[in-house]
Amino acid sequence: MADNEAPAAPFELAGILGESATDVIEILDVGAMIEGQPRYDVLLRQKNCRITGFEVNPERIPEIRAALPQGSQVLPYALGDGNPATLHLTLYRGCSSLFQPNADVIDMFESISASSETGNFKVVGEVNVDTVRLDDIDECPSADYAKLDVQGAELLVLEYGMQKLADAVVIETEVEFVEIYRGQPLFGDIETFMRSHGFVLHKMIDIAGRNFRPMSTGNPADAISQFLWADAVFVRDFTKLDLFSPPQFLKAATILHDVYFSYDLAHLFLYAYDTVANGGYAAAYRDALGRSGGAPRQFASLRSQL
């Protein structure tokens, strides 16, 4: 599912960090690559990141690679547990998944369907794939920041990828609250797993819901009550700052400020960096925020598409 276009932060953190911002941020993007504006588009514009993405369709790889910064790569693997699997192709390709769409649940809601011939979750084909464990891919570097959107298979990727994510400071993953795909892990399963690996839920963004049929508000995305899916942003546990390295403080602050507008947590990491490295970034950051005259926020935001 494509990302919404969002307003920019009032300034880019690199302007405060100066030469300390030169460390490249390694980004791991699993699923939904180059659909709309990437969440981390500001990092792409700054050219201070490298992307490692995945695409099983070889015809799309040149297109995706051309949109990425120098040094990035697109790897032709279907991530999973290393076993053969079936990729269920749907009418709207962004809903395709290693898990089968659950028509019993999907068809309860307005504007989405897995049964009608025009339904976005309607399965139109199946492809047998050999999945690969993320941790087994030698050419994939360790990530500082990861974004996962693989339609119900996020936990499957995470379970076999935490070695590659051992140094990550921010991980965003799509989560579902009801069983959109048969047998898929839900938000609670992912949150428990992430907490067991030292990550804390930071915020929910792009929360989506739909109305139970036959009730309608005229706008399918204007849900009355039911959460269906969202993007959950996890951060390395900020209550255990002694487990961070100085570069991790700066990378976390950059991602949280530039991408997620999490100014207070970005400031906490800058202050932690200043404490161990005798810097002055936290004070400069507070001053810059004060001069900005009101900064946009991204907190429990609603997603309007699909």
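The values are calculated or read from the model by the stated rules, or taken from the named source; none is laboratory data. Note that this is a predicted model, so its numbers are computed, not measured. In this analysis, Cβ positions are derived from the backbone assuming ideal geometry, glycine residues included, and neighbour counts consider all displayed protein chains.
For GLN46, the stated conditions hold: it is at pLDDT below 95 and under 30 Å from HIS267 (Cβ atoms).
Within the stretch 144-158, residues that are of a type in the set (Lys, Arg) reach partners that are in a strand (DSSP E or B) with beta carbons closer than 8 Å, at six or more positions or on different chains, in the pairs LYS147/ILE27; LYS147/LEU28; LYS147/ASP29; LYS147/VAL30; LYS147/ILE171; LYS147/GLU172; LYS147/THR173. What number of residues within the stretch 266-286 are touching a residue at least 24 places away in the same chain (Cβ under 8 Å) and farther than 17 Å from PHE11 by Cβ? So the answer is 6.
Counting only residues that are touching a strand residue (DSSP E or B) at 6+ places or on another chain (Cβ under 7 Å) and farther than 26 Å from ALA14 by Cα, the stretch 35-63 holds 4 of them. The residue of the stretch 62-81 that is farthest from the chain's Cα centre (by Cα), among those that are in a loop (DSSP other than H, G, I, E, B) and of a type in the set (Gly, Ala, Ser), is GLY71.
Just give me the residues in the stretch 185-230 being among the hydroxyl-bearing types (Ser, Thr, Tyr) and in contact (Cβ under 8 Å) with a residue 12 or more places away in the chain, in sequence order. Across the stretch 185-230, the qualifying residues are SER216, SER225.
Looking only at residues in the stretch 119-165 that are in a helix (DSSP H, G or I) and touching a Leu at 6+ places or on another chain (Cβ under 8 Å), the one that is farthest from ALA253 (Cα to Cα) is LEU156.
This table checks each residue for (1) of a type in the set (Asp, Glu); (2) surrounded by 14 or more Cβ atoms within 10 Å (Cβ to Cβ).
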residue: GLU159; (1), (2): yes, yes
residue: ASP167; (1), (2): yes, yes
residue: GLU179; (1), (2): yes, yes
residue: GLN184; (1), (2): no, yes
residue: GLY188; (1), (2): no, no
residue: GLY209; (1), (2): no, yes
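Residues of the stretch 82-118 being of a type in the set (Gly, Ala, Ser), outside any loop (DSSP other than H, G, I, E, B) and in contact with a Phe, Trp or Tyr (Cβ under 8 Å, 6 or more places away or on another chain), which ones? Residues satisfying the conditions are SER97, ALA103.
Could you go through the stretch 206-223 and let me know if any residue there is over 15 Å from GLU176 (Cα atoms), part of a strand (DSSP E or B) and touching a strand residue (DSSP E or B) at 6+ places or on another chain (Cβ under 7 Å). Within the stretch 206-223, one or more residues are over 15 Å from GLU176 (Cα atoms), part of a strand (DSSP E or B) and touching a strand residue (DSSP E or B) at 6+ places or on another chain (Cβ under 7 Å).
Collect the residues in the stretch 167-200 that are of a type in the set (A, V, I, L, M) and assigned to a helix (DSSP H, G or I), keeping them in residue-number order. If the condition is that a residue be of a type in the set (A, V, I, L, M) and assigned to a helix (DSSP H, G or I), then ILE190, MET194 are the ones that fit.
Exactly one residue out of ALA78, ALA66, ALA103 is closer than 17 Å to ASP149 by Cβ and of a type in the set (A, V, I, L, M, F, W, C), and it is ALA78. The set of residues from the stretch 93-118 being of a type outside the set (Asp, Glu) and out of contact with any strand residue (DSSP E or B) (no Cβ under 8 Å at 6 or more places or on another chain) comprises ARG93, GLY94, ALA103, VAL105, ILE106, SER111, ILE112, SER113, SER115, SER116, THR118.
Condition test on ASP138, is it surrounded by fewer than 21 Cβ atoms within 10 Å (Cβ to Cβ), among the charged types (D, E, K, R), out of contact with any Pro (no Cβ under 9 Å at 6 or more places or on another chain) and modelled with pLDDT of 95 or more? In short, yes. Among the residues of the stretch 82-125, those that are touching a helix residue (DSSP H, G or I) at 6+ places or on another chain (Cβ under 6 Å) and not polar (S, T, N, Q) comprise ILE112, ALA114, PHE121.
The single residue among ASP41, ASP81, ASP23, ASP3 that is at pLDDT 85 or above and within 30 Å of GLY183 (Cβ to Cβ) turns out to be ASP81.
Do you know which of the residues in the stretch 224-263 that are hydroxyl-bearing (Ser, Thr, Tyr) and part of a helix (DSSP H, G or I) is surrounded by the fewest Cβ atoms within 10 Å (Cβ to Cβ)? So, considering only residues that are hydroxyl-bearing (Ser, Thr, Tyr) and part of a helix (DSSP H, G or I), the one surrounded by the fewest Cβ atoms within 10 Å (Cβ to Cβ) is TYR263.
Restricting the stretch 264-291 to residues that are hydroxyl-bearing (Ser, Thr, Tyr) and crowded, with 20+ Cβ neighbours inside 10 Å, the residue that is farthest from GLN46 (Cα to Cα) is TYR273.
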